[in-house]
1. On a C-alpha basis, how far is the centre of region 183-223 from the centre of region 9-86 in Å? Whole number, if you could?
2. GNM on the chain, C-alpha springs below 10 Å: top fluctuator among 122, 19, 255?
3. Can you give me the distance in nm between label points at residue 275 and residue 132, each placed 7 Å from the Cα along the Cα-to-Cβ direction?
4. Please check: in the Gaussian network model of the chain (C-alpha springs, under 10 Å), which one of 253, 115, 37 has the largest mean-square fluctuation.
5. Can you tell me which of 15, 74, 206 moves the most in a GNM of the chain? Springs connect C-alpha atoms under 10 Å apart.
6. Under 13 Å from a point placed 7 Å out from the Cα of residue 152 along the Cα-to-Cβ direction: which residues of region 67-88 have their backbone N that close?
7. Where does the chain land at 222 nm, in deg cm²/dmol rounded to the nearest 500, when only DSSP H runs of n ≥ 4 count, each adding -39500 (n - 2.57), divided by all residues?
8. Compute the distance in nm between two label points, each set 7 Å from the Cα along the Cα-to-Cβ direction, one at residue 169 and one at residue 37.
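No value in this document is a laboratory result; all are computed from the given coordinates. Since the structure is predicted, the reported quantities are computational estimates derived from the model, not experimental observations. Here the Cβ is made from the backbone with ideal geometry for all residues, glycine too, and neighbour counts use every protein chain on show.
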């Protein structure tokens with residue numbers, strides 16, 4: 001497949017992203033304690049859940065329902081990852097599914113290369129604006145529109161909370177301003193950087209490496225390793241074959257931690273109408289030969305899978 005050319009990323013944002021990778025190294029010049037690492041690990045998985053369950057399975061694909069309050073909570077904590085606004089994320093992701101591995105796809109690694117799919121597209125002038133015409137079902141909520149406009153607010157809030165938590169844990173009081181630096185650098189900044197790359201591997205790697213169970217019009221693949229890193233998003237070929245389900249690990253042996261927590265939220269009454277994988281999709285996956293020769297896609301299933309939200 002011939003590589004395509006797109007506009008270069010905004011250089012100031014590209015440099016800002018590169019510099020951010022090295023900010024955690026400042027931790028060598030301050031005190032870092034084991035609890036700072038525990039906070040960082042917790043915030044990686046905590047925010048990964050809200051990205052996968054919120055940005056992806058709820059906002060982009062509407063695979064379950066919830067209250068307006070919890071909808072805002074999901075957007076808020078997902079945006080604390082510094083991966084732009086929920087509505088921006090959703091609008092671009094819907095384009096990705098409609099044109100996966102085609103020139104209109106925002107981040108096809110097969111067309112635009114690894115780096116562009118990993119980070120370049122996010123800081124490209126082509127995808128700076130939010131496509132509100134594609135998310136009319138979400139744009140009717142003014143609190144989500146506000147949060148999308150000021151997408152940096154949740155991350156700033158979390159950074160402040162982490163910093164002062166470090167002050168309280170390690171210092172002589174809340175105004176011991178040097179005590180929280182290690183917690184901020186490891187607990188927030190480093191976990192944010194690692195979270196970037198964990199999330200972005202789905203765009204940059206999951207159409208290049210892994211195995212395929214289903215015939216799709218793109219090159220989406222499955223990877224158990226990336227499923228663990230991203231709490232279930234690594235079952236990418238499953239997802240591209242049938243996107244209208246809250247579950248991406250279709251079978252019991254395909255670990256999908258995000259789905260398990262969605263089911264737990266369902267038991268608690270926080271979410272409801274959780275959409276499952278239809279039997280004919282499961283049966284079709286069991287029957288697909290383990291080779292590169294896949295059956296033709298069922299046109300009816302393709303139409304069902306690409307429905308407008």
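1. Comparing the Cα centres of region 183-223 and region 9-86, I get a distance of 14 Å.
2. 19
3. Taking the two extended label points, one gets 2.5 nm.
4. It is 253.
5. Comparing 15, 74, 206 in a Gaussian network model of the chain, the most mobile one is 15.
6. Label zone hits: 82-85.
7. -13500 deg cm²/dmol
8. The modelled label-to-label distance comes out at 1.3 nm.
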